[in-house]
Structure formats: C-alpha cells, structure tokens
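Just below is one structure, and these are the notes that go with it.
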Amino acid sequence: MRYYSLNRQTEPVDFRAATIAGQAPDGGLYFPETIPRFPAGFVEQLPSLAPAEVAYTVLHPYVGTTIPEAELRRICAEAVDFPFPLVPVTDRISTLELFHGPTLAFKDVGARFMSRCLGHFSRHETKPVTVLVATSGDTGGAVASGFLGVPGVEVVILYPSGKVSPVQEQQLTALGQNITALEVNGNFDDCQRLVKQAFRDQELMSQRRFTSANSINVARWLPQQVYYCYALAQWPSHMAPPVVAVPSGNFGNLCAGLLAYVSGLPVAHFVAACNANDAVPAYLRSGSYAAQPAVATLSNAMDVGDPSNFGRILELFAHDYPTIRELLTGYSVSDADTSATIRRVHAHTGYLTDPHGAVAYFALEDYLKQHPEVQGIFLETAHPVKFPEAVEPATGQVVPVPAALHELLSRTKRSIRLEPEYEALRAFLLEKR
Ligand SMILES: *Cc1c(COP(=O)(O)O)cnc(C)c1O
C-alpha cells in the first residue's frame with residue numbers, strides 16, 4: 001500500500017515512511033491509494049474471531065510488507081489487549097465502551113499501535129527518535145502510556161498547567177522512564193504553538209530526530225477501524241445493521257469508521273456528534289465548509305474548530321456531497337443538552353456517560369426519533385472518571401475511581417515547569433540530548 005499527500009505536491013510513500021513522517025512534506029495528510037475490501041466471509045465470521053485477528057486482517061493490507069507478518073500480529077495483539085464490550089442502555093440504544101484501555105480513553109488503541117510500529121521502524125537507528133506532542137488532556141495520556149518503555153523512543157509532552165483533570169495529569173506525569181512531561185504556564189493553544197514552532201525549526205530538527213503523535217499520523221488513524229468491527233461482532237445477527245453515532249472532534253475516529261464501511265462493514269448510517277464546534281455538521285447541512293475558531297465546551301477533547309480529518313472524509317467519497325450526506329448526519333449539541341443528557345440517562349437507565357458519550361447519545365436519540373425503523377450504537381470514548389467536573393454536577397454523585405487507577409494515582413507527579421516561550425522549549429530540547 002502506498003499513501004499520497006492530499007496536497008498532491010510530493011511523491012507517494014509506503015506505510016513506514018508515512019508513519020515516520022506523520023505529515024507529508026507538502027503539509028498534506030497521507031491517504032491510502034486504494035481502500036482494500038475485507039476478505040470474503042470476514043463480516044460473517046466476526047463474532048467468532050479474536051480481537052487481535054480482526055485487527056491483523058483489517059490492518060495488514062495497509063501496512064503491506066513494511067512490517068513482517070509475525071511482528072505485525074504481535075503489535076496488533078498488544079494494541080487491542082483489553083475488552084470492547086457492547087452494552088445495552090435502552091431498548092434501541094447500545095454503547096460500545098472504548099475506555100477499558102490503560103488510560104481509560106479510546107485513543108489507547110491508536111497510540112499503542114503507532115508506538116509499536118515506530119519502535120519497529122526505529123530499532124536499527126542509533127539516534128533515538130523523540131515524539132513531541134501537545135495535549136489538552138486525553139491525547140497526551142494515551143501517547144505516554146502507549147510509548148512507555150518502547151526502546152529507542154523518547155516522549156516529550158507539553159500540557160497546560162492547571163487545565164487538565166487530576167486523573168489526566170497523573171497519566172501524563174507519573175509514568176517516568178522515557179516519558180517527560182513539560183507543564184506549561186499557559187493554555188493548550190500555547191502548548192500547540194510551541195510544538196508547531198519546534199517542527200518548523202530546521203536547525204533543531206537537524207540536531208535529532210523528531211516526530212509527532214497526533215491523529216493525522218496514519219498509524220494512529222487506521223487502527224481505529226477495529227472498533228466498528230468489534231461493534232458488529234457483538235451485534236445480534238438477526239438485526240438490521242446499526243446506526244453508529246461517533247463523538248467527534250478531529251474526526252479521525254469517524255473517518256476510520258467510514259473506511260471500514262467502504263471496506264464492506266454493514267452500517268446503516270453514521271451520526272457525526274459534535275459539541276458547539278460544528279464546522280462539519282454545518283457542512284452537512286449546507287454543502288459548504290468553513291473552519292471556525294475553537295470554543296471551549298464540557299466535552300473538551302472535541303473542541304476542534306477545523307478538524308484535520310475532514311479532508312480525508314471528502315477524499316474517501318471523491319468530494320461528492322450527496323453521497324456523504326446520504327451516509328452521514330451531523331449534530332451540534334450544546335453544553336446544556338450534554339449535562340441534561342448525562343443526568344437523564346443516568347436517572348432513567350443507571351448508565352453513566354462521560355460528556356463525549358453524552359453528546360453522541362443525544363444525537364443518536366434524536367436521529368432514532370426521526371427513523372423509527374432502526375437501532376443504534378453510540379461510542380463511549382472515555383471513562384466518566386476522567387471528566388468529573390462535567391459528570392459530578394450533572395448527577396450529584398462522585399464517580400468512583402476504577403481499581404485500575406489506584407496504583408497510578410498513588411505515584412509521585414514529576415513535571416518540568418516551562419514558560420510559554422519558544423526559547424525555553426528549544427533550550428530544553430537541545431539540552432536533553
Ligand atoms: C479525542 C477524543 C474524541 C474525538 O475523537 P476524534 O477522532 O478527534 O474525532 C472524542 N472523545 C474523547 C474522549 C477523545 O479523547
């Protein structure tokens with residue numbers, strides 16, 4: 001498989017080069033030259049296939065010969081070694097819980113897959129590669145945990161001081177080993193600006209090898225297809241294909257679902273569930289797209305004004321608006337509706353959603369009202385304990401901390417304070433050598 005840049009100003013590359021580079025040299029996102037079909041019988045066999053086998057079948061056409069079969073099977077097995085249960089919530093709505101990984105967020109799968117691919121590609125390099133990433137909370141934890149202990153890879157994470165939840169901060173700062181957390185006296189935009197500036201700093205880039213680990217990287221994006229396969233594996237075979245609602249920010253997850261659909265997975269319809277950041281729902285209503293400045297919401301992992309992966313969705317459907325609109329309905333859900341949904345679903349069903357899952361629940365419920373013939377699944381992308389400031393006021397109850405987190409929460413926090421100035425980051429990175 002080869003990947004071309006959506007800007008089409010550079011030559012296509014293989015999976016290895018696309019993973020190492022992250023973004024194409026012309027600034028475009030990499031996109032696969034062909035979308036493989038799932039092998040005959042794959043969908044029918046899903047209920048009996050092991051999760052690692054599903055992941056290998058879905059991903060090996062994308063990886064091609066850049067990773068030997070046995071190694072890719074091992075990477076797949078490690079990336080998905082936790083449960084993905086489909087849990088009924090009402091008689092028409094189920095949820096696929098994607099938060100049983102080490103950082104309690106769905107980004108664990110992509111981060112674990114990417115880290116191991118990068119580790120494989122770096123194993124004969126003498127200079128370690130440094131993953132440099134800015135986080136508003138969730139991404140950094142998944143990246144830190146995914147790359148922990150991977151030989152030949154150093155990780156430097158910038159996060160805004162005082163602006164991540166206590167669980168998230170612990171996941172960034174308490175791991176040690178090859179993970180360094182820089183606690184920036186500023187906000188997320190400062191962190192992102194510093195990282196972008198570092199990647200533009202030719203002199204710094206020539207001193208050592210750097211890469212990013214955000215969702216534009218094909219090795220983080222492509223493995224997310226497996227969630228949709230796991231949902232269908234648990235979907236009763238006598239039922240018509242489900243509608244799937246995806247809480248969306250940068251649209252990597254939803255775009256991966258659309259890839260799986262094009263490869264042959266039976267899904268009736270997709271719901272793009274957004275918060276107030278509604279660039280894509282607005283496009284789906286009007287047919288024209290305009291980037292927006294991001295606004296802060298309760299579902300803060302989706303506060304994205306100009307989603308990177310929207311370009312991939314357009315490409316997948318050859319920019320054909322009628323086709324996209326047939327398959328995808330967008331919703332923009334307010335914070336008031338998000339809170340009310342957390343409260344109402346908890347009171348009526350006993351199920352506790354996190355704010356991102358609640359956005360998807362709200363959108364799915366509305367879609368199902370308009371379409372009485374179908375049933376649906378919403379993706380629960382994070383455990384509610386990661387967002388207590390949104391969940392606890394809505395339900396009036398403290399979210400119990402899962403046992404898996406006790407050990408992490410008891411560890412010592414280690415961070416390095418950084419002023420939000422590029423010279424400070426640059427000096428740190430050069431010294432670290
Ligand atoms: C990152 C994230 C999202 C958004 O996923 P995208 O692939 O960026 O659309 C949704 N929910 C949670 C909890 C996240 O961390």
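Results, tabulated for the structure shown:
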read-out	value
About the Cα centre, charge dipole magnitude for the stretch 71-132 (Lys/Arg +1, Asp/Glu -1 at Cβ), debye	240
By accessible area with a 1.4 Å probe, ligands and nucleic acids excluded, highest first: order of 4, 367	4, 367
Rounded to the nearest 20 debye, dipole of the chain from Cβ charges on Lys, Arg, Asp, Glu	740
Mean Cα-pair separation over length for the stretch 103-210, i.e. relative contact order, pairs under 8 Å, 6 or more apart, %	29
Where 299, 94 fall by accessible area, highest first, once all protein chains stay in place (1.4 Å)	94, 299
Under 18 Å from residue 127, Cα to Cα: aspartates and glutamates that are on another chain or at least 8 residues apart	154, 203, 431
Positive-end residue of 412, 345, 222, charge dipole of the chain with Cβ unit charges	412
Structure-based [θ]222 nm, the chain - -39500 (n - 2.57) summed over DSSP H runs of at least 4, per residue, nearest 500	-12500 deg cm²/dmol
Relative contact order %, the chain, counting alpha carbon pairs below 8 Å whose residues are six or more apart	18
Under 21 Å from the Cα of residue 413 - lysines, other chains or at least 8 residues apart	163, 386, 432
Relative contact order [Cα under 8 Å, 6+ residues apart], the stretch 286-433, whole percent	16
For the chain, share of DSSP beta bridges that run antiparallel, in % to the nearest 5	20
Kirkwood hydrodynamic radius of the stretch 1-66, Cα pairs, Å	13.2
Student exercise, the stretch 7-62 dipole from Lys, Arg, Asp, Glu Cβ charges, in Debye to nearest 20	40
Options 283, 121, 264, ranked by Cα towards positive dipole end of the chain, top entry (Cβ charges)	121
Per residue, in Å², the accessible surface of the chain once ligands and nucleic acids are set aside, probe 1.4 Å	39
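The values are calculated or read from the model by the stated rules, or taken from the named source; none is laboratory data. A quick note: this is a predicted structure, and the numbers were derived from the prediction, not measured. As a convention, Cβ positions derive from the backbone with ideal geometry for all residues, glycine included, and neighbour counts pool all protein chains shown. Surface accessibility is based on the protein's heavy atoms, side chains included, excluding ligands, DNA and RNA. Shrake-Rupley method; radii C 1.70, N 1.55, O 1.52, S 1.80 Å.
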